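The values are calculated or read from the model by the stated rules, or taken from the named source; none is laboratory data. What you see is a predicted model; the values in this text were computed from it and never measured. No Cβ is skipped: glycine too gets one built from the backbone with ideal geometry, and neighbour counts run over all protein chains shown. Only protein heavy atoms, including side chains, enter the accessible area calculation; ligands, DNA and RNA are left aside. Shrake-Rupley method; radii C 1.70, N 1.55, O 1.52, S 1.80 Å.
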Amino acid sequence: MADDEYILRVEDIHKSFGKLEVLKGVSFNVKKGETICFIGPSGTGKSTLLRCINQLNIPDKGGVYLNGEEVTNSGPRINEFRQKIGMVFQNFFLFDHLSAVRNVEIALLKVLKMDPKAAREKALYELHQVGMEDWAEHYPAELSGGQAQRVSIARALAMDPDVILFDEPTSALDPELTREVLEVMKKLASAGMTMLVVTHEMGFATSAANRVVFMEHGLIQEEGTPEELMNGDGRFKEYMGKIGDIKE
Amino acid sequence: MADVTAIVILWIPYLVEGVFATLGLTAAALGLGILLGLPMAIGQVYGNRLVRSVVAIYVWFFRGLPVLVLLFLFYFGIFPALGLGDLSAFIVGATVLGLRGAAYQSQIFRGGMQSISEGQMTAARSLGMTRMQAIRSIILPQAVRISLPGWSNEYPNILTDSAVCYAIGVAELLTRASQIVAQTYVTMPIYLVCACMFILINIAGMQVLHWVERRVAIPGFGTGAM
């Protein structure tokens, strides 16, 4: 079946909030191991799109398929799909009452019903992957933004997801902390993790993304490799030009 | 004067038994308050319309009536009508204080739950937790800690309210003090000792609760108790 070529298929997603139509029919396919960056002005539905993929926002129309199985309209099975679709948030959303290692292992214990010893081992391994094993016993309030975000990446990784959604993972961080988080993400990308990343970090997009999707007005306007978009003369280049002007 | 002192000292053991009854009423009422108040709070925050309405009516009823009226209503009316007329005054008193406490405590816990950021639930659900799992493992442990200072305040409230159980003859502190006064005609000194005992168990209980608050505090995640 041709479907199997893609780990994730997103078909014609529509989503409105009241009268505001945020997504007006978005479709794309993702191959295993791909890193796709979603770029575009604020308010164009990029974050809503990610939240429609794991049904945190229920799309009004359209379908999402993970490994050929429908995620939309999956009823209580959505919880099984969410285990396979990790998510990393702009504001980390670490569980404030749990230490770093407990944050990573809680879903292993409660959702996957793993043995406590195995869960702890796995959690420590994932913290090691993001360079946070020395902070295992610290609580979220004791971590810097970059550290907290790395723990939240470890939390997503622990479920062994098929794909991880990153919703502006560095937008709440200063440049130095941004770099430490992006380094972890680059490492994941090169290790073959399938990642969808909503970001404003062009540096990351050009160096780590297989594909860049430029979104505006609730639609995909352009997509291609970073080079293709940079060398093209569409809306993307115009948008990047504007950002460049501000930076100078 | 020496007579009065002797009388007071003679009756202190009898009053101390009343202290245990008062503490028993308070502890039972606090316990029942959590047992009912916490699920009610969950229902009010996460329940459907029907559940929310039922809880709202319950809270409206038990907060709307004076505690003495509730006590009479249950002792002379509702419990006998349910065939529970044989229940001891102590059980009825503790139950009424507990049912009333649940109404107040549910609102304390509701406030605690609503103060937890939406992101905590979002993150829990994104990991594949069901709503119930998220409430149990993520929301409640935080909400209870946040609610603890407000909830502690229920202790002196219920403790002092428990004295109304005098009206249905529970042998608590005030009832016993009144019995002694009726028998000895030593009024002021006995009521003073009774008052001192209320204050002592009040202070002692608050110390215990503050200790608990400090014990369960999360590093860097203030409950105000440091």
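Before moving on, here are some points about what is shown:
- Surface share of carbon and sulfur [accessible, 1.4 angstrom probe, percent] for chain B: 69
- Exceedance of the 24 Å cut-off in Cα-Cα distance is limited, within the set A:Lys15/A:Lys186; A:Lys117/A:Lys186; A:Lys122/A:Lys187; A:Lys31/A:Lys84, to A:Lys15/A:Lys186; A:Lys117/A:Lys186.
- Euclidean distance between Cα centres, region A:200-232 to region B:117-157, Å: 40
- Ranked by solvent-accessible area (1.4 Å probe, protein heavy atoms only, all chains present), the residues B:Asp86, A:Asp134 order from largest to smallest as B:Asp86, A:Asp134.
- Placing unit charges on each Cβ (+1 for Lys and Arg, -1 for Asp and Glu) gives chain B a dipole about its Cα centre, and among B:Asn153, B:Tyr185, B:Met197 the Cα reaching farthest toward its positive end belongs to B:Asn153.
- Pairwise burial B:A, computed as accessible area of each alone minus the pair, summed, 1.4 Å, Å²: 1900
- Helix B:188-216 vs. chain B, principal-axis angle (Cα, 0 to 90°, nearest 10): 20
- Basic side chains Lys and Arg get +1 at the Cβ, acidic Asp and Glu get -1 at the Cβ, and with that the dipole of chain B about its Cα centre reaches some 980 debye.
- Vicinal HN-Hα couplings computed from phi for region B:108-114 (Karplus, 6.51 cos²θ - 1.76 cosθ + 1.60; Hz; Gly/Pro x): 5, 5, 4, x, x, 5, 5
- Take the Cα of A:Lys61, go 7 Å toward its beta carbon, and the backbone nitrogen atoms of region A:6-28 under 19 Å from that spot belong to A:10-28.
- When Rg and the Kirkwood radius Rh are both evaluated on Cα atoms of the protein assembly as shown, their ratio Rg/Rh stands at 1.15.
- With the convex hull drawn over the C-alpha atoms of region B:27-102, the volume per residue is 86 Å³.
- Calculated mean residue ellipticity, 222 nm, the protein assembly as shown: -18000 deg cm²/dmol, from DSSP H runs (n ≥ 4) at -39500 (n - 2.57) each, averaged per residue and rounded to 500.
- Burial ranking of peptide ranges B:56-67, B:38-49, A:144-155 (average Cβ count within 10 Å, highest at the top): A:144-155, B:38-49, B:56-67
- Think of each Lys and Arg Cβ as +1 and each Asp and Glu Cβ as -1; about the Cα centre, that makes the dipole of the protein assembly as shown roughly 1200 debye.
- Sequence-distant aspartates and glutamates (8 or more away, or on other chains) whose Cα lies within less than 16 Å of A:Lys32: A:Asp3, A:Asp4, A:Glu5, A:Glu69, A:Asp160, A:Asp162
- Enclosed volume per residue, in Å³, of the convex hull spanned by Cα atoms of region A:117-225: 115
- For region A:1-51, applying the loop criterion from DSSP together with a ceiling of 13 other beta carbons within 10 Å to the trypsin sites (Lys or Arg not before Pro) yields A:Lys19.
- Each label point was placed 7 Å from the Cα along the Cα-to-Cβ direction; for B:Ala56 and B:Leu10 their separation is 6.0 nm.
- Normalised Debye scattering of region B:32-73 at q = 0.16, 0.34 Å⁻¹ gives log10 I(q)/I(0) of -0.46, -1.08, counting only Cα atoms as equal scatterers and leaving out solvent.
- The mean number of Cβ atoms from other chains found within 10 Å of a Cβ in peptide A:48-55 is 1, as a whole number.
- Sorted from longest to shortest, the spans of the Cα atoms of chain A along the three principal axes equal 54, 46, 37 Å.
- Rolling a 1.4 Å probe across all protein chains gives A:His217 an accessible area of roughly 120 Å².
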